[in-house]
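Let me begin by presenting the structure, written as structure tokens, before commenting on it.
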Ligand code: ADP
């Protein structure tokens, strides 16, 4: 751990909570991909969850805080409360309510599915697809300009951006060309389906959802925007971890369109391309394999 200016962060916590916070202990929390994370412990059992990144990354945390607030607003699923965020002379930081995680079991999984379906029923109220600001997916910029047409949004602000980045990161020409062919034919996946502009978590793999000590679902570390709810569902499948109870409960509230089975690879591709851009390696061939599969539908 690099030294970080805890005094400034504790002072901000004190101001934000209206109660002086004196830290007595801190411990590192594992599990994140992008940031360093710590649990801060103070007097009288007060605890906070701290995320740290380097100076210059405050905008990422501001977007994350705004995303958490957006997800909390409908009050259908628990989201950690944002305490404060800012920059010290050494780090950008985000402080959240500390959640005591536990196992959710089958009933928790079902509740998570049900609550996610209700979250998805909140929409952008006619503003189209996008959000009021850009954010990040992992550490990659994610564009969210409001767009009336989902296919245009998906093509330009999701795939074209990732493919361009992938080209700069060394994705081979054949994968890039095939990716372009996919983008040219993207509309074919949406001939009989126009998604609602649902409020999305945006990065819903199993590492970004859990259960509190009462077994209530909690979602965190989002990449919020308004878009096709199938994108969240595809992400839950990508790295596993969600049980059959989750999917059954989701579909009981709001069944998925039959065409989801065709589109889910498309939505997974976005995250696989992003993983290539973040981590490189085998994600290149995984991206190309998915594109090959998707092009069969277009041929
Ligand atoms: P990153 O942005 O680096 O991916 P995360 O936000 O996913 O980091 O957090 C890393 C880990 O910290 C999570 O996997 C989870 O176990 C834990 N965590 C996340 N948010 C909280 C919280 N509010 N309270 C307690 N633990 C948390």
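A single member of 96, 112 is surrounded by 17 or more Cβ atoms within 10 Å (Cβ to Cβ), out of contact with any helix residue (DSSP H, G or I) (no Cβ under 6 Å at 6 or more places or on another chain) and at pLDDT 95 or above, and it is 96.
The sole residue among 261, 231 that is touching a helix residue (DSSP H, G or I) at 6+ places or on another chain (Cβ under 8 Å) and under 30 Å from residue 164 (Cβ atoms) is 231. Regarding region 60-71, can at least one residue be identified that is surrounded by 19 or more Cβ atoms within 10 Å (Cβ to Cβ), under 17 Å from residue 26 (Cα atoms), in contact (Cβ under 8 Å) with a residue 24 or more places away in the chain and touching a helix residue (DSSP H, G or I) at 6+ places or on another chain (Cβ under 8 Å)? Taking every residue of region 60-71 in turn, none turns out to be surrounded by 19 or more Cβ atoms within 10 Å (Cβ to Cβ), under 17 Å from residue 26 (Cα atoms), in contact (Cβ under 8 Å) with a residue 24 or more places away in the chain and touching a helix residue (DSSP H, G or I) at 6+ places or on another chain (Cβ under 8 Å).
Once region 204-220 is narrowed to residues that are closer than 16 Å to residue 72 by Cα and within 11 Å of the ligand (Cβ to nearest atom), the residue that is surrounded by the fewest Cβ atoms within 10 Å (Cβ to Cβ) is 212. So, in region 101-140, of the ones that are in a strand (DSSP E or B) and touching a strand residue (DSSP E or B) at 6+ places or on another chain (Cβ under 8 Å), which residue ends up farthest from the ligand (Cβ to nearest atom)? The qualifying residue farthest from the ligand (Cβ to nearest atom) is 123. When 53, 89 are checked against the criterion of being under 25 Å from residue 26 (Cα atoms) and surrounded by fewer than 18 Cβ atoms within 10 Å (Cβ to Cβ), 89 stands alone in meeting it.
Assess whether residue 172 counts as being more than 14 Å from residue 129 (Cβ to Cβ) and without any contact (Cβ under 8 Å) to a residue 40 or more places away in the chain. Here the answer is no, as residue 172 does not meet what is asked. Would you check which residues across region 277-298 are under 14 Å from residue 186 (Cβ atoms) and modelled with pLDDT under 95 and list them? Matches in region 277-298: 297, 298.
The values are calculated or read from the model by the stated rules, or taken from the named source; none is laboratory data. Only a predicted model underlies this, so the values are computations on that prediction, with no experimental measurement involved. Because the Cβ atoms are built from the backbone with ideal geometry, glycine has one as well, and the counts that use them run over all protein chains shown.
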